[in-house]
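These notes concern the structure reproduced below.
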Amino acid sequence: MIESINYRLIKTKNQIIIYLHTSLKNRTKNNKMNPKYIPGVVNVKKVNPSAEYPTKRFEMDPAFDVTLIARKDNRSEDNTHEVNYFHTGLMIVPPHGYHVEFIADEKLHFSGYTLATGLSVHSMTNQEVMIPLIKFKEVEDIQLPFRGVKMIIRQTIFSHLSSVENTRAVIKNRDYDHPSDDSTMFPNYPQGARRPVANPKTNYMM
């Protein structure tokens, strides 16, 4: 049972940072509510006074609802079977090591639209979040503001790329029991030999 939900707001010019703290009581073995929060916060800034901050209906929901507020280039209608861009009026900056993913809400499909990219990844940037939608059938245009997209915070997993000529050799020599041993990634390099390093410009191994 939730005893209280307290929001602590820190406001600056056109910006708001929300810290959410929840006090819980009467926990049972079958009903444990122990949400895990990321270190740091996701900073959200309004670049349009009509923008709405992402919200959740319930604290345990995995995604935030994002509101579309305007059509790009002030167009009066949406084109069927084409990509139509919408403004959110928000700049979203996740903490280092995290990114934001936008996915379609089920009511978006029922309205005759779908997310053009299937899944849109947004990292640290100083640009407004624009949402591309495809109107896939002849229906009435969605009425704005419209909540048809959800935002999920995910941890970013970094990796290097290695240029190889024979992928079968890599798969054959890969050791699933010791994935951290880089000798399994580069089977042609003897023990103790110099391993390839990442080119900082291309992120490929050299």
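Residues in segment 56-65: is at least one among the hydrophobic types (A, V, I, L, M, F, W, C), surrounded by fewer than 16 Cβ atoms within 10 Å (Cβ to Cβ) and under 20 Å from Pro132 (Cβ atoms)?
no
Could you please find all residues in segment 84-101 being buried (at least 18 other Cβ atoms within 10 Å of the Cβ) and touching a Lys or Arg at 6+ places or on another chain (Cβ under 7 Å)?
Within segment 84-101, Asn84, Phe86, His87, Gly89, Leu90, Met91 qualify.
When residues of segment 111-123 are filtered for being surrounded by 14 or more Cβ atoms within 10 Å (Cβ to Cβ) and of a type in the set (A, V, I, L, M), how many remain?
2
Any residue at all in segment 154-176 that's at pLDDT below 85, in contact with an Asp or Glu (Cβ under 6 Å, 6 or more places away or on another chain), assigned to a loop (DSSP other than H, G, I, E, B) and on the phi < 0 side of the Ramachandran plot?
no
Taking only pairs six or more apart or across chains, which ones have beta-carbon atoms under 7 Å, a first residue in segment 59-73 that is in contact (Cβ under 8 Å) with a residue 40 or more places away in the chain and hydrophobic (A, V, I, L, M, F, W, C), and a second residue that is buried (at least 17 other Cβ atoms within 10 Å of the Cβ) and assigned to a helix (DSSP H, G or I)?
From residues that are in contact (Cβ under 8 Å) with a residue 40 or more places away in the chain and hydrophobic (A, V, I, L, M, F, W, C), there are no pairs.
Taking only segment 90-108 into account, find how many residues are touching a Leu at 6+ places or on another chain (Cβ under 9 Å) and either small (Gly, Ala, Ser) or in a strand (DSSP E or B) (or both).
4
Looking at segment 62-76, is at least one residue of a type in the set (Ser, Thr, Tyr), more than 18 Å from Gly148 (Cα to Cα), modelled with pLDDT under 95 and not in a loop (DSSP other than H, G, I, E, B)?
no
Which of the residues belonging to segment 66-98 are among the hydrophobic types (A, V, I, L, M, F, W, C), touching a Phe, Trp or Tyr at 6+ places or on another chain (Cβ under 9 Å) and under 15 Å from Leu133 (Cβ atoms)?
Passing the criteria: Val66, Leu68, Ile69, Ala70, Phe86.
The values are calculated or read from the model by the stated rules, or taken from the named source; none is laboratory data. Computed from a prediction, not measured in an experiment: that's the story for all the values here. Cβ atoms come from the backbone with ideal geometry, glycine included; neighbour counts cover every protein chain shown.
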